[in-house]
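**Student:** I have a structure I would like to understand better, so I am pasting it below and will then ask my questions one at a time.
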Amino acid sequence: MADKLLSVETVDVGYGHVGVIENLSLAVPKGAVVALVGRNGAGKSTLLRAVSGLLTPSKGRIVFDGRDIGRAKPHAIVDAGLLHVAEGRRLFRSQTVDDNLELGAYGTSLSKADFAGRVERVHELFPILKEKRHDLAGALSGGQQQMLAIAQAMMRDPKLLMLDEPSLGLSPLLVDQVFAAILSLRGSGTTILLVEQLVERALEIADAAYVMQNGRVIANGPAAEIAKSEALKTAYMAV
Ligand SMILES: Nc1ncnc2c1ncn2[C@@H]1O[C@H](COP(=O)(O)OP(=O)(O)O)[C@@H](O)[C@H]1O
Ligand SMILES: [Mg+2]
């Protein structure tokens, strides 16, 4: 097993006094794509919020790149190389596509050449963002905004990229582009934690997978095994 880049250890997380996640452990090896699946309300987004510092676990540890980040602030976690593309898009809608990419790199000390290289990479993966570079982000379609949100995170060349439902609301063509982008990112060494409602497709590209139900992990293992598992069926049948 490769080195762990992220390790969530026996964590409880909730909102105020309402517990959502209970005693959850999960590991993301360096260089892997790990899928996190489960029905609506299982607690997937809540877990990502805890990892990115938006929520603080009441129990357990979250270790990223050798550091306990369980109580770290979101900006410090971003600076450490962990980027979270949340459900719904957080873009600067009244700024251009190009401006949004530039803002994605804000606070990094990239050289002009490195910055240009990253923009070029983004344009290769998402050609539409090149075509629409001078358009306002708010004028893009939902799918294009989703791409821009991913592209913005890529501008920081994250060690770990957490994607929450990246295919939500996308046309089939754009879904293909998003999945191709995920594979390309993995190919270039980015580790990915992927929450995705297109479970079959997520498991096709993932190395390992975790199945969540009611705030707990009910199964985990190689993605190909999870794809055939009873636990996966159970997780999607249960009301
Ligand atoms: N901001 C919030 N305040 C209180 N409860 C929340 C909040 N967001 C989500 N929840 C609750 O947490 C549980 C898990 O939600 P969520 O993490 O969004 O699940 P998933 O992403 O797997 O669909 C649900 O019961 C949901 O109602
Ligand atoms: Mg969610």
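The values are calculated or read from the model by the stated rules, or taken from the named source; none is laboratory data. Just so we're clear, the structure is a prediction, and the values are computed from it rather than from any experiment. Please note: Cβ atoms are built from the backbone with ideal geometry, for glycine as well, and neighbour counts cover all protein chains shown. The protein model used for the area step is the full one, side chains on, heavy atoms only, and it has no ligands, DNA or RNA in it. Shrake-Rupley method; radii C 1.70, N 1.55, O 1.52, S 1.80 Å.
**Student:** Of the numbered conditions (1) among the hydrophobic types (A, V, I, L, M, F, W, C); (2) part of a helix (DSSP H, G or I); (3) free of Cβ contacts under 8 Å to residues at least 24 places away in the same chain, A27 fails exactly one; give the number of that condition.
**Tutor:** Against the list (1) among the hydrophobic types (A, V, I, L, M, F, W, C); (2) part of a helix (DSSP H, G or I); (3) free of Cβ contacts under 8 Å to residues at least 24 places away in the same chain, A27 comes up short only on (2).
**Student:** Here's a follow-up. Just give me the residues in segment 1-24 being within 11 Å of ligand 1 (Cβ to nearest atom) and crowded, with 24+ Cβ neighbours inside 10 Å, in sequence order.
**Tutor:** V13, I21
**Student:** Just to be sure I understand, how many residues within segment 30-49 are closer than 17 Å to G88 by Cα and either away from ligand 2 (no atom under 13 Å from the Cβ) or acidic (D, E) (or both)?
**Tutor:** Qualifying residue count, segment 30-49: 0.
**Student:** Let me ask another. If you take the residues in segment 96-135 that are out of contact with any helix residue (DSSP H, G or I) (no Cβ under 8 Å at 6 or more places or on another chain) and not in a helix (DSSP H, G or I), which one is modelled with the highest pLDDT?
**Tutor:** Taking the candidates together, the pick is S111.
**Student:** If you don't mind, another one. So, in segment 39-64, of the ones that are in contact with a strand residue (DSSP E or B) (Cβ under 6 Å, 6 or more places away or on another chain) and in a loop (DSSP other than H, G, I, E, B), which residue ends up most open to solvent (accessible area, probe 1.4 Å)?
**Tutor:** Out of the qualifying residues, it is S58.
**Student:** Are any residues in segment 25-38 within 14 Å of ligand 1 (Cβ to nearest atom) and either of a type in the set (S, T, Y) or crowded, with 23+ Cβ neighbours inside 10 Å (or both), and if so, which ones?
**Tutor:** Correct list: A35, L36, V37, G38.
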